[in-house]
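Worksheet: one structure, shown below.
The values are calculated or read from the model by the stated rules, or taken from the named source; none is laboratory data. The structure presented is a predicted model; accordingly, all values stated were derived computationally and were not measured. Cβ: placed from backbone, ideal geometry, glycine included. Neighbour counts: every protein chain shown. Accessible surface is based on the protein model in full, side chains and every heavy atom, while ligands, DNA and RNA are left aside. Shrake-Rupley method; radii C 1.70, N 1.55, O 1.52, S 1.80 Å.
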Amino acid sequence: MKPIRVMSVLAILALAACGADGEPVQPDASIAIGVGSNGVNVGGTVGVNRGPLRLGVSLF
């Protein structure tokens with residue numbers, strides 16, 4: 001993914017989480033570490049939930 005896209009998505013997440021349109025929403029994050037025949041894999045997700053809507057970014 002191009003750096004400008006990553007920065008754009010992170011900016012949208014920050015705006016959604018800061019409460020610009022209402023109450024602030026606390027972001028959630030998770031990290032996954034896997035070990036397999038190809039070595040060690042590290043990944044994770046960062047996002048916000050508001051009702052049935054989830055906005056997030058996966059980093060794998």
Any hit, the range 4-21, residues being assigned to a loop (DSSP other than H, G, I, E, B) and at pLDDT 75 or above: no
Selection within the range 42-57 - in a strand (DSSP E or B) and open to solvent by 80 Å² or more (accessible area, probe 1.4 Å): VAL42, ARG50, LEU53, ARG54
Any pair with Cβ under 8 angstrom, 6 or more apart, that starts in the range 43-58 at a residue that is more than 13 Å from ILE12 (Cα to Cα) and in contact (Cβ under 8 Å) with a residue 40 or more places away in the chain and ends at one that is outside any strand (DSSP E or B) and open to solvent by less than 80 Å² (accessible area, probe 1.4 Å): none
Subset of the range 22-41 (residues that are part of a strand (DSSP E or B) and more than 12 Å from the chain's Cα centre (by Cα)): ALA32, ILE33, GLY34, VAL35, GLY36, GLY39, VAL40, ASN41
